[in-house]
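Remarks on the structure that follows.
The values are calculated or read from the model by the stated rules, or taken from the named source; none is laboratory data. Every value quoted in this text rests on a predicted model; they were computed, and no experiment measured them. FYI the Cβ positions are ideal-geometry reconstructions off the backbone, even for glycines, and counts take in every protein chain you see.
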Amino acid sequence: MLGQRRPRDARRRGRRLLLVGPTVATTRALEAALTAIGELLVVPFPGAAFDRAATGYAADLVVVDVTYLDEARVRPLIMHRFETIRPMVVFVSETGEGWWHDLQAGTSGRMTATDPESICALVTAPTLRVAGS
Amino acid sequence: MRPRLALLVGLTPMMTRTLEGPLALCMDVAAVAFPGDAFEAAAAELQPCLVVVDVTYLDEARVRPLMIDRFSRKGPVLVFVSESGRAWSDDLDSGCSGPMETFTVAALLALVARPALTLVSARPA
């Protein structure tokens, strides 16, 4: 399981969410909302806990708080560390700016809102169905 | 006399391995992640004489003013280091700052070394 993307049936049972290097304010803002949609692991960055989570946790959503981080150094490293697991990776900061990368679909973009609901929506399956299906 | 304390902030695993053991031979050592509750508690409660901040992945322009503000009343020597080998010290007690030409454990300890010389009164001629 280490370093592998989880099978889809495992994903349906519950999402795995990884919060990396959050400030106290970010933790307070996101912890409850993320816990509500899956299993949340919070790790500091850098450190042994992050290294273990990057290789062994198989996260579906990785939220990286870059409030105090040098994004030019950190973003390539984070993308590299998760390229095998291919989760949704989100970079947020206390300024309210955000950027998402869907490593499975190979798409990315700027987030216009980084509130908990917007972040959770990135990994929430649509509830609508096509009529007649 | 209270044992002296070095506080290691946000160290990478490699930097931790390099510094923790040798520093612990000479003083108490505490290590905390940054940011987070552990850092906030350490900044509020501990009285370090030396604070080593690993800025390998941090934005120094954001972090240095914050660290200086958080420790300004305690007067430790702040050292900002990165795995590139660059290091900068800020002595918050004396107000002296500057780049460190060599970043070694010995150089760190020298920043907070107590003078070994004692003042003696001049002998009358």
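Reported count of residues in segment A:105-133, each being part of a loop (DSSP other than H, G, I, E, B) and polar (S, T, N, Q), is 5.
Take residue A:9 and tell me if it is acidic (Asp, Glu) and modelled with pLDDT under 95. Let's see the steps before the verdict.
On the way: acidic (Asp, Glu): yes; modelled with pLDDT under 95: yes.
Criteria met by residue A:9.
Considering only segment A:63-85, I want to know if a residue exists there that is crowded, with 19+ Cβ neighbours inside 10 Å and at pLDDT below 95. Looking through segment A:63-85, at least one residue is crowded, with 19+ Cβ neighbours inside 10 Å and at pLDDT below 95. Each residue in segment A:11-35 was checked for being more than 11 Å from chain B (Cβ to nearest Cβ), in contact (Cβ under 8 Å) with a residue 40 or more places away in the chain and either surrounded by fewer than 13 Cβ atoms within 10 Å (Cβ to Cβ) or in a helix (DSSP H, G or I) (or both), and 6 pass. Scanning segment B:40-65 for residues that are acidic (Asp, Glu) and either out of contact with any Leu (no Cβ under 6 Å at 6 or more places or on another chain) or without any contact (Cβ under 8 Å) to a residue 40 or more places away in the chain (or both) turns up B:40, B:45, B:59, B:60.
Of the residues making up segment B:23-45, those that are within 21 Å of residue B:91 (Cβ to Cβ) and out of contact with any strand residue (DSSP E or B) (no Cβ under 6 Å at 6 or more places or on another chain) are B:26, B:43. Residues that are in contact with a helix residue (DSSP H, G or I) (Cβ under 8 Å, 6 or more places away or on another chain) and either over 13 Å from residue B:5 (Cα atoms) or surrounded by fewer than 16 Cβ atoms within 10 Å (Cβ to Cβ) (or both) within segment B:35-59 comprise B:35, B:36, B:37, B:40, B:53, B:54, B:55, B:56, B:57, B:59, listed in sequence order.
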